[in-house]
Amino acid sequence: ARGYWKQVLALSTMKNNPPEMYNSAFGRAILFAQIGDKSKSLGLLEQAYEERSLAMTEIAIEPAFDSIADEVRFKDLLRKVGVR
């Protein structure tokens, strides 16, 4: 499964990808969470928060973030967004 997510990550950086290809900070955070890069995932979530991304309203229910749910930075984001 990790190889799949690495391929999706590579595709997401291509110039002519479709909008559903995780090309936002929030979308890339999902990809990095899926491949196990917690630091990059959290950094991208913080970026999405700063960009006021509407997708951040889904942070608490996105299954990809289960692996980082116990991280202090993630919990801070939940509080900032107001979903916990």
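The table for this structure:
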item: In the range 56-84, the residues that are of a type in the set (A, V, I, L, M, F, W, C), touching a residue at least 12 places away in the same chain (Cβ under 8 Å) and either part of a helix (DSSP H, G or I) or open to solvent by 90 Å² or more (accessible area, probe 1.4 Å) (or both); result: M56, A64, F65, I68, F74, L77, L78, V81
item: Subset tally (residues that are at pLDDT 85 or above and open to solvent by 50 Å² or more (accessible area, probe 1.4 Å)) for the range 16-33; result: 2
item: Hits in the range 34-55 - residues which are aliphatic (A, V, I, L, M) and modelled with pLDDT of 95 or more; result: L42, L44, L45, A48
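The values are calculated or read from the model by the stated rules, or taken from the named source; none is laboratory data. Bear in mind that the values here come from a model prediction, so they are computed numbers and not experimental data. Cβ: placed from backbone, ideal geometry, glycine included. Neighbour counts: every protein chain shown. The protein model used for the area step is the full one, side chains on, heavy atoms only, and it has no ligands, DNA or RNA in it. Shrake-Rupley method; radii C 1.70, N 1.55, O 1.52, S 1.80 Å.
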